[in-house]
1. Might you work out the accessible area of residue 252 for me, using a 1.4 Å probe with all protein chains in place, and round it to the nearest 10 Å²?
2. At 1.4 Å probe size, put 250, 163 in order of accessible surface, largest to smallest.
3. In the chain, what percent of the accessible surface is made up of carbon and sulfur (1.4 Å probe, ligands and nucleic acids excluded)?
4. For 384, 283, write out the residues from largest to smallest accessible area, computed with a 1.4 angstrom probe and no ligands counted.
5. So, for region 263-413, what is the accessible surface per residue at a probe of 1.4 Å, expressed in square angstrom?
6. What FRET efficiency would be calculated for the residue pair residue 64, residue 30, taking the C-beta separation as r and a Förster radius of 22 Å, to the nearest 0.05?
7. Do the sum for the chain: with -39,500 (n - 2.57) for every DSSP H run of n ≥ 4, divided by all residues, what is the mean residue ellipticity at 222 nm, to the nearest 500 deg cm²/dmol?
8. So for the chain, taking the charge dipole from beta-carbon charges (+1 Lys/Arg, -1 Asp/Glu), which of 244, 315, 89 sits furthest toward the positive end?
Amino acid sequence: MTSRNNIPSQRLLVIGGGSAGIGVIASIRKRIKNLSITLIEPRQQHFYQPAWTLVGGGLFDIEKTHRPMQQVIPKDVTWVKDSVIQVSPSEQFVETASGERISYDYLIVACGLMLRWDKIAGLEETLGRNGVTSNYHFDLASYTWELVKNLKQGKVIFCQPPMPIKCAGAPQKALYLSCDYWQQQERLNNINVDFCLAGQAVFGVPEFVPHLKAYLAKYRAKINYGYNLIRVDGEQKLATFAVINKDNEMDEIVIPFDMLHVVPPQAPPIFIANSELGDENGWCDVDKFTLQHKRWPTIFSLGDCCSTPNSKTIAAARKQVVVVAENLVNILYQKELNSHYDGYGSCPLTVERGKVVLAEFGYDNKLLPTFPLDLTRPSRIAWWLKAWFLPHFYWSGMLRGIEWLAKSKVHSK
Ligand SMILES: Cc1cc2nc3c(=O)[nH]c(=O)nc-3n(C[C@H](O)[C@H](O)[C@H](O)COP(=O)(O)OP(=O)(O)OC[C@H]3O[C@@H](n4cnc5c(N)ncnc54)[C@H](O)[C@@H]3O)c2cc1C
């Protein structure tokens, strides 16, 4: 095996200490020892967000979904507790909110996406009160469970904004786990559930849709396609949706609720577009296979902020981490970037307590099952993966550079 220590010392800068940022640093450290690595990350806490769905269903302890950032940052990494506000790719430095300029030889952009709660009028004023909640927020997932547990009857709305969003299945996972509980408690007959989604399909990959629709029917949830939440009046408990009518005009439809589960619209961090790094929609513009920036070869990007057309999940980041680490080694050795990402992402749809439909797919919706089992059907083993194995593996595997089942595709010309 070639020694990694003969690479001339270089400065690597990583923006974002979330799942993708910490994961990629751990995988790079494993391969290259003498790289000087700086992480820019403003938060004191690191979150494992997939478990918030389970917290909202009363099935996971919220305190097990976060750890101090310092604890998850690999050794010998300089942590700058600040936010990047601008990148200058031509001069190879970034500027932070506190006015510091930090130069780099290589840059990895892994800053996640922005949750735009502010895009829904009246929402921020009422979140966490008046029956308005969201599993997309650490502070609110427990409130979801409180509402679910206490609701005996009434009207409940689960919303899904326009794509792309992180974990496209999470809005409906909240619905399934809530309905399953109400059914077990024999309350579902007194509760009317609406699933209001901005799009026209329950799920983007057709193979999974029949199973999901069967569950929506089992829970007697009414599906409202093309309903985009634009306003919430928490005091009056009214949700307003923009809906395109038959004449192709925009109507507003107001629905009263007792409980409202909101998923906010999502967007790339603004500094990406302002730094000439964005594609036409503002996502960090990388080659979808090598994850190298299309215009700036010393920059890579992965995780929710990058432009690759995959499902934005930790499952995707887990594979992207390996590709970026390998291609960084390739570039340092002036070799071809032959490590390729196949678009893998996965979404464990928690359709009932103890059962998951495990959607695993790559580019062009190609099914990419990890195991030789038909996981398009609800299964107990997939539940075990989601609720037990993956949270454990996240903290002690992915964040420490263990790359089980994350092998990249090596592609030679
Ligand atoms: C409710 C819910 C359920 C989910 N379920 C699943 C699931 O079942 N399976 C799955 O695989 N995935 C799931 N996900 C998605 C998954 O959590 C994300 O896709 C994943 O965390 C993305 O990692 P990331 O590093 O790109 O972003 P994040 O983990 O969000 O981290 C981004 C980091 O960048 C930092 N940052 C932001 N801006 C700047 C800046 N300007 N300068 C410096 N740092 C910055 C942030 O502080 C943050 O720490 C779920 C997410 C949610 C919310």
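The values are calculated or read from the model by the stated rules, or taken from the named source; none is laboratory data. Since we're looking at a predicted model, the values are computed, not measured. FYI the Cβ positions are ideal-geometry reconstructions off the backbone, even for glycines, and counts take in every protein chain you see. Each accessible area value is taken on the protein alone, full model and side chains, heavy atoms only, with ligands, DNA and RNA left out. Shrake-Rupley method; radii C 1.70, N 1.55, O 1.52, S 1.80 Å.
1. 110
2. The ranking, largest first, comes out as 250, 163.
3. Here it works out to 50 percent.
4. Solvent-accessible surface, decreasing: 384, 283.
5. Each residue of region 263-413 exposes 42 Å² on average to a 1.4 Å probe.
6. Given R0 = 22 Å and the Cβ-Cβ separation, E is 0.30.
7. -6500 deg cm²/dmol
8. 315
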